[in-house]
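So the structure is just underneath, and the comments pick up after that.
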Amino acid sequence: MPQLIRLHPAAPAKPAEHEPCNGCGVCCAGEPCPLGVLVSRRRHGACKALVWQDERNVYRCGLIERPQRHLPLGLRWLAPLLRRAAYRYIAAGRGCDCSWTVEPRAGED
Ligand code: SF4
Ligand code: SF4
């Protein structure tokens, strides 16, 4: 079923599945991974941990970039563990594991 997702206009186009991940953000803007479900407290829609990096024009996982932000004050010492766990769910250094086909909305490029 088609799903509408919103992405930054400067985000790179999604590569084909198994091509190198380019930080297009499609997968995480579409639905959260298991860790994203925990931090977003929902199973559908954009992951709350997804962050846009203006200086690089890419999306990144906030659990890797700033994991402490997603932990309560008393648990921030768990940030390195959370970062390591997040690496398991993203395609960093691997191929894109998202098989979705992306089409711009009518009237958009
Ligand atoms: S895994 Fe694929 S869809 Fe997800 S950010 Fe990387 S390239 Fe984009
Ligand atoms: S990889 Fe990070 S940003 Fe993407 S869905 Fe998982 S927790 Fe969210």
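Values in this text are rule-based calculations from the coordinates and carry no lab data. This one's a predicted model, so the numbers in the text were calculated from it and none came from an experiment. Neighbour counts run over all protein chains shown; Cβ positions are idealised from the backbone, glycine included.
Observations, loosely collected:
- Region 50-66 - residue that is touching a residue at least 24 places away in the same chain (Cβ under 8 Å) and under 11 Å from the mean Cα position of the chain (by Cα) and, of those, farthest from ligand 1 (Cβ to nearest atom): 63
- Which numbered condition residue 38 misses (of (1) touching a residue at least 24 places away in the same chain (Cβ under 8 Å); (2) out of contact with any strand residue (DSSP E or B) (no Cβ under 9 Å at 6 or more places or on another chain); (3) among the aliphatic types (A, V, I, L, M)): (1)
- Sole residue being surrounded by fewer than 12 Cβ atoms within 10 Å (Cβ to Cβ) and either charged (D, E, K, R) or touching a Gly at 6+ places or on another chain (Cβ under 9 Å) (or both), chosen from 83, 94: 94
- Of all the numbered requirements in (1) surrounded by fewer than 19 Cβ atoms within 10 Å (Cβ to Cβ); (2) closer than 18 Å to residue 104 by Cα, residue 25 misses one, and that requirement is (1).
- Residue check for residue 17: within 16 Å of ligand 1 (Cβ to nearest atom) and either part of a loop (DSSP other than H, G, I, E, B) or β-branched (Val, Ile, Thr) (or both): yes
- Residue match in region 33-44 (condition: near ligand 1 (Cβ under 9 Å from one of its atoms) and under 10 Å from the mean Cα position of the chain (by Cα)): no
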